[in-house]
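Undergrad: Take this structure first; my questions come after.
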Amino acid sequence: VQLQACGGGLVQAGGSLRLSCVASGNIFSSNTMGWYRQAPGKQRELVAAVDSFGSTNYAASVKGRFTCSRDNTKNTVYLQMNSLKPEDTAVYYCNLDTSRSGGMNYWGKGTQVTVSS
């Protein structure tokens, strides 16, 4: 399984970015796809995730600003980020969790998001 993410970049505070991540390979149909982030000097944290049934989970810090969605026909997960803040600056990692189906947890390489003040 491989995860290919894109969409990061530099944006001013208050702006928007959209991340996308495509999963390829032998993927269990029941899974959770989502996004984590890691800022310098901090631990990696969950940003948002969506399971195969469309149920979502968000970090409190991004609720109301970020939207996580997926297209199961394309094995793709999206993260629409609005009203970005400097504290959203981090490397964002795509995640595919198939552990509930007996599979593994997979990570993409990460994409940098930088929000300037």
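The values are calculated or read from the model by the stated rules, or taken from the named source; none is laboratory data. Predicted, not measured: the structure shown is a model, and the values here were computed from it. Reconstructed Cβ throughout: ideal geometry from the backbone, glycine too, with neighbour counts over all protein chains shown. These area figures cover heavy atoms from the full protein model, side chains too; ligands, DNA and RNA do not enter into them. Shrake-Rupley method; radii C 1.70, N 1.55, O 1.52, S 1.80 Å.
Undergrad: Among the residues of the stretch 56-92, which ones are open to solvent by 50 Å² or more (accessible area, probe 1.4 Å) and either on the phi > 0 side of the Ramachandran plot or among the aliphatic types (A, V, I, L, M) (or both)?
TA: Matches in the stretch 56-92: ALA60, GLY64, ASN75, SER83.
Undergrad: Determine the pairs where a residue that is under 19 Å from THR67 (Cβ atoms), located within the stretch 21-36, has a partner that is open to solvent by 60 Å² or more (accessible area, probe 1.4 Å) and assigned to a strand (DSSP E or B) with Cβ atoms under 6 Å apart, the partner being 6 or more residues away or on another chain.
TA: Here the result reads VAL22/GLN4, each pair linking the stretch 21-36 to a residue that is open to solvent by 60 Å² or more (accessible area, probe 1.4 Å) and assigned to a strand (DSSP E or B).
Undergrad: Follow-up question, since we're still on this one. Name, by its number, the condition in (1) within 12 Å of LEU3 (Cβ to Cβ); (2) assigned to a strand (DSSP E or B) that does not hold for LYS109.
TA: (2)
Undergrad: Just give me the residues in the stretch 8-38 being open to solvent by 30 Å² or more (accessible area, probe 1.4 Å), part of a loop (DSSP other than H, G, I, E, B), modelled with pLDDT of 95 or more and not polar (S, T, N, Q), in sequence order.
TA: Selection gives ALA13, GLY14.
Undergrad: Right, next: State the number of residues belonging to the stretch 39-55 that are open to solvent by 70 Å² or more (accessible area, probe 1.4 Å) and over 18 Å from THR111 (Cβ atoms).
TA: Number of matching residues: 3.
Undergrad: Specify which of the listed residues (ARG70, ARG65) is more than 20 Å from GLN2 (Cβ to Cβ) and basic (Lys, Arg). If you could, list the steps in order and put the result at the bottom.
TA: Numbers: ARG70 fails: more than 20 Å from GLN2 (Cβ to Cβ).
None of the other options fit; the residue is ARG65.
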